[in-house]
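Right, one structure below, let's go through it.
Throughout, read-outs are computed from the coordinates displayed, never taken from laboratory work. Because the structure is a prediction, the values reported are computed rather than measured. Don't worry about glycine lacking a Cβ; one is built from the backbone with ideal geometry, like all the others, and counts go over all protein chains shown.
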Amino acid sequence: MPLADAVRWNERYLTSDRHTFSSARALLTDHANLLPANGLALDLAMGLGGSSGFLLDRGLSVVGVDIASVAIGKAKKDYPKVMAVIADLTDFQFPPATFDVICNFFYLDRQAWANIGAWLKPGGLLFYETLTEEMRQLDPTINPIHLLKPNELKIAFPDFTILFYAEGWYGDHHPRATARLIAQKTKNGFEVTA
């Protein structure tokens, strides 16, 4: 399956007029004031690296991971300072407490939620946005396994403090039904206080 996913995504990046993630996601840019001035960020399923580039511009070092070598190649061309990794996220690991920021935009693997929690440092920030079941109104053929149930993302990271949460339709040119979360990992099992 990972090889098939890589082939499918590479084909999409070679032929599609839509440039997936060539710009930073609004969830990230609208809440940039929450970002630390430095540190290490992880951009999961980074696509063409728009969010990675934004994080670099904000002073963070960035590791970007994607299964599509075509996307990684294009992202590295535009953002040479991104530490880009071609990998299948279902079979990839980082050491615990490595990242100050993790971004996960439009990639849903519920089994990875525990990894995300482990990879983030205490006090670190998670920016997460992905599709919800409402997308089936536009396309009933979407496999529900790739869609969040109502409020599912809100309870996916119980050891985190939610700083922002919303569900609805977002985007001007290509609206999508998504759940959007910004959360901070608690320190030593206690809430982080400012």
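At each listed q (0.16 Å⁻¹), what is the log10 of I(q)/I(0) that the Debye formula gives for the chain modelled as equal alpha-carbon point scatterers?
Taken in order of the listed q values, log10 I(q)/I(0) reads -1.05.
Check which residues have an amide H placed less than 5 Å from Ala97's amide H, if you skip close sequence neighbours.
Trp119, Leu120
Which of Asp159, Asp91, Asp66 moves the most in a Gaussian network model of the chain with Cα springs under 10 Å?
In this elastic network of the chain, the residue with the biggest mean-square fluctuation among Asp159, Asp91, Asp66 is Asp91.
Could you put Thr15, Thr178 in order, starting from the residue whose Cβ has the fewest other Cβ atoms within 10 Å? List each step's numbers first, then the result.
Numbers: Thr15 7, Thr178 26.
Going from sparsest to densest Cβ surroundings: Thr15, Thr178.
Of the cross-linked pairs Lys149/Lys187; Lys76/Lys154; Lys77/Lys154; Lys81/Lys185, which ones have a Cα-Cα span greater than 30 Å in the structure shown?
In this structure, Lys76/Lys154; Lys77/Lys154 lie more than 30 Å apart at Cα.
Please compute the contact order of segment 65-118 in relative form: average sequence separation of alpha-carbon pairs under 8 Å and at least six residues apart, divided by the residue count, as a percent.
Values: 31 pairs, mean separation 17.5, N = 54.
So the answer I get is 32 percent.
Considering only His146, His174, His31, give the residue with the highest GNM mean-square fluctuation for the chain, with springs between Cα atoms whenever their separation is below 10 Å.
Most flexible of the set in this elastic network: His174.
Counting only C-alpha contacts under 8 Å and six or more residues apart, can you give the relative contact order of segment 2-185 as a whole percent?
Working: 359 pairs, mean separation 31.2, N = 184.
Rounded, it is 17 percent for segment 2-185.
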